[in-house]
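Inspection log for the structure reproduced underneath, given as structure tokens.
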Amino acid sequence: RGAPSTAAAAAAMRRRGRGISNGRRGRRGISLFSATASSSSSSSSSTPASSIYGNPALYELAFGFRDFDDEVAFVKRVSETLGVGAFRSMLELGAGPAWHTTSAASIDGVRAVAVDLDAAMVTRANERIEEAGLGSRATAMRGDMIRLDVDATRRALAEMMGGPGGGASDESDGFDAACVLLGTAAHLVETADAIATFESIGRCLKPGGVCVLELEHPYDLFDGGLLDPTGDAWDRAFEDKRVLVEWGREGDAFDVKTHVVTRTVGLNVVDTVKGTPVKGWDPVEERVRCRIFTHPEVALIGDVAGFDVVETFGDMKGEHGLEDEDAQNMVIVLKKR
């Protein structure tokens, strides 16, 4: 292909490659790589954790660049203005090391529960919670979001709220808000699994509660980029080491019928000065299946599960609409009927 004009290239960069918080380039500003992926969505509960998801330290190095406090503040505003009018409890699915859960529980009066499929991630999440002194206000539990143990999840909240037996107080009747962030829902490649997940979320929420869903912006579905992928990459520097992240690679497969892309993801930790691999940090390369959802698909799945779409944003701050040139991702707010 011929090289685009300067104006066209600038527009393409704005639409397809966002600068992430550390100034490095990432796919539309969001690293859509949650800690709940599996090689097959329909058998996720029996699929062994991958080496990335089973290595919380590496995961945190690669994907811990976001402003989690700011994002939780956004979820709080959404719950207060579009949901039940309050933000006293939050459920985070595909929580990984529970960045958002820990942030939410640090707000006075808020209790939070994190759920993740990987045992190592859950262990790290509870360590993070304890390190922050929030053990009485937050907890992380192992679970599959497709087959979520709703009773255990609600009971965990009720116990922190002080409801005897898990249901005596108003606050223990369900969560005010839930969130599925960092592209976690992209791993729901089967529609039946997406419906089951949304239904479980609905059973955890209070009537009128909201679910904030963050997904990859669907623009790449329509510009042809997924049919001719080139991939994205970024890095994060620390005092003595640097983590190099490859998100997608030329030649990665995209299924036009299912909108599922199989991305090659690589992580390498190198010495900042020498550029050589750091001992104890083995290079990792994995192939991750992700579904690129469109807005109507999410709205239809939500409707089947008892939700209405009440707002859509192009970022996790609420500053841009989905159609804006500077939209970074697709953030959909669903409200339980």
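The values are calculated or read from the model by the stated rules, or taken from the named source; none is laboratory data. Bear in mind that the values here come from a model prediction, so they are computed numbers and not experimental data. Cβ coordinates were reconstructed from backbone atoms using ideal geometry, including for glycine residues, and neighbour counts include every protein chain displayed. Surface accessibility is based on the protein's heavy atoms, side chains included, excluding ligands, DNA and RNA. Shrake-Rupley method; radii C 1.70, N 1.55, O 1.52, S 1.80 Å.
Quickly run through segment 66-85 and pick out the residues that are over 15 Å from Phe175 (Cβ atoms) and surrounded by fewer than 17 Cβ atoms within 10 Å (Cβ to Cβ). Listed by number, the residues that qualify are Asp67, Asp69, Asp70, Arg77, Thr81.
Screening Gly109 on (1) open to solvent by 20 Å² or more (accessible area, probe 1.4 Å); (2) in a helix (DSSP H, G or I); (3) farther than 25 Å from Val284 by Cα; (4) not β-branched (Val, Ile, Thr) shows it passes everything except condition (2). Ala156 passes all but one of (1) within 20 Å of Pro207 (Cα to Cα); (2) open to solvent by 20 Å² or more (accessible area, probe 1.4 Å); (3) among the aliphatic types (A, V, I, L, M); which number fails? Only one criterion in (1) within 20 Å of Pro207 (Cα to Cα); (2) open to solvent by 20 Å² or more (accessible area, probe 1.4 Å); (3) among the aliphatic types (A, V, I, L, M) is unmet by Ala156, namely (2).
For the structure I just gave you, tell me whether Arg128 is open to solvent by 50 Å² or more (accessible area, probe 1.4 Å), within 22 Å of Phe175 (Cβ to Cβ) and touching a Ser or Thr at 6+ places or on another chain (Cβ under 6 Å). So Arg128 fits the description; yes. Of the numbered conditions (1) within 17 Å of Glu216 (Cα to Cα); (2) in a loop (DSSP other than H, G, I, E, B); (3) β-branched (Val, Ile, Thr), Val261 satisfies every one except a single condition; which is it? The one condition Val261 does not meet is (2). Against the test of being in contact (Cβ under 8 Å) with a residue 60 or more places away in the chain, touching a helix residue (DSSP H, G or I) at 6+ places or on another chain (Cβ under 6 Å) and open to solvent by 70 Å² or more (accessible area, probe 1.4 Å), the options Val333, Val304 yield a single qualifying residue, Val304.
None of Gly165, Gly135 is open to solvent by 10 Å² or more (accessible area, probe 1.4 Å), farther than 30 Å from Thr258 by Cβ and at pLDDT 95 or above except Gly135. For segment 215-225, the candidate set comprises residues that are in contact with a helix residue (DSSP H, G or I) (Cβ under 8 Å, 6 or more places away or on another chain) and surrounded by 20 or more Cβ atoms within 10 Å (Cβ to Cβ); within that set, the residue that is modelled with the highest pLDDT is Leu215.
With the condition being within 25 Å of Lys317 (Cα to Cα), I'd like the strands (runs of 3 or more DSSP E) fully within segment 172-255 carrying at least 3 qualifying residues. Let's see the steps before the verdict.
Details: elements: 175-180, 205-215, 232-237, 241-247, 253-255.
It comes to 175-180, 205-215, 232-237.
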